[in-house]
Amino acid sequence: QVQLVESGGGLVQPGGSLRLSCAGSGITSRFFDMGWYRQAPGAQRELVALMRSGGITKLADSVKGRFTISRDNAKNTVYLQMNSLKPEDTAVYYCNAVRPGSSYWGQGTQVTVSS
């Protein structure tokens, strides 16, 4: 059974940092394109960061220079380092693993940026 478990969310003040983790089981994450998405209340889910199985990364324009995606293949885990957080980063963050014919989602972790 495939599971993606996100952790690391929480409440942080503007300008602060958080690191989200996505631990995979039942899959070998390095063979998947791994992405972080977020969904704010009343908004559509949007791609924040993507790391392809070959290592190429892509970041949404709104987070470039502030967020970094990385992976630890030995731990089967993908990370999202979020710095200089802004109130508009507030959302539920979801981990996604995809390859042709397969797509898996985690349950999400809440990130709230507020003073």
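The values are calculated or read from the model by the stated rules, or taken from the named source; none is laboratory data. Fair warning: this is a prediction, and the values are worked out from it, not measured in the lab. Here the Cβ is made from the backbone with ideal geometry for all residues, glycine too, and neighbour counts use every protein chain on show. SASA here: full protein model, heavy atoms, side chains in, ligands and nucleic acids out. Shrake-Rupley method; radii C 1.70, N 1.55, O 1.52, S 1.80 Å.
If I ask for residues that are of a type in the set (A, V, I, L, M, F, W, C) and either on the phi > 0 side of the Ramachandran plot or modelled with pLDDT of 95 or more (or both), which ones from the range 64-93 would you list?
Phe67, Ile69, Val78, Leu80, Met82, Leu85, Ala91, Val92
Any residue in the range 86-99 that's closer than 16 Å to Ser62 by Cβ: show its pairings with residues that are open to solvent by less than 10 Å² (accessible area, probe 1.4 Å) and not in a strand (DSSP E or B) at Cβ separation under 8 Å, as long as the two are six or more apart or on different chains.
Taking only residues 6 or more apart or on different chains, the pairs are Asp89/Val63.
Restricting attention to the range 54-93, and to residues there that are among the β-branched types (Val, Ile, Thr) and open to solvent by less than 30 Å² (accessible area, probe 1.4 Å), which single residue is farthest from Gly106 (Cα to Cα)?
Val63
Consider Leu47 carefully, then state whether it is more than 13 Å from the chain's Cα centre (by Cα) and modelled with pLDDT of 95 or more.
In short, no.
Please go through the range 59-93 and pick out each residue that is under 15 Å from Gly24 (Cβ atoms), touching a Ser or Thr at 6+ places or on another chain (Cβ under 8 Å) and part of a strand (DSSP E or B).
Taking the range 59-93 as the starting set, the residues that turn out to be under 15 Å from Gly24 (Cβ atoms) are 69-80.
Checking which are touching a Ser or Thr at 6+ places or on another chain (Cβ under 8 Å) leaves us with 69, 71, 73, 76-80.
Result: Ile69, Arg71, Thr77, Val78, Tyr79, Leu80.
Any chance you could count how many residues in the range 44-54 are part of a loop (DSSP other than H, G, I, E, B) and in contact (Cβ under 8 Å) with a residue 24 or more places away in the chain?
Within the range 44-54, residues that are part of a loop (DSSP other than H, G, I, E, B) and in contact (Cβ under 8 Å) with a residue 24 or more places away in the chain number 2.
Inspect the range 13-36 for any residue being among the charged types (D, E, K, R), open to solvent by less than 70 Å² (accessible area, probe 1.4 Å), under 18 Å from Val113 (Cα atoms) and in contact (Cβ under 8 Å) with a residue 40 or more places away in the chain and give the result as yes or no.
No, that holds for no residue.
Would you confirm, using the coordinates I've provided, whether Ser102 is farther than 20 Å from Gly10 by Cα and in contact with a helix residue (DSSP H, G or I) (Cβ under 8 Å, 6 or more places away or on another chain)?
No; evaluated as a whole, the condition is false for this residue.
Could you check, for the range 54-63, whether at least one of its residues is modelled with pLDDT of 95 or more and among the small types (Gly, Ala, Ser)?
Within the range 54-63, one or more residues are modelled with pLDDT of 95 or more and among the small types (Gly, Ala, Ser).
All but one of (1) of a type outside the set (S, T, N, Q); (2) within 19 Å of Glu6 (Cα to Cα); (3) over 14 Å from the mean Cα position of the chain (by Cα) hold for Pro100; state the number of the condition that does not hold.
In the conditions (1) of a type outside the set (S, T, N, Q); (2) within 19 Å of Glu6 (Cα to Cα); (3) over 14 Å from the mean Cα position of the chain (by Cα), Pro100 misses (2) alone.
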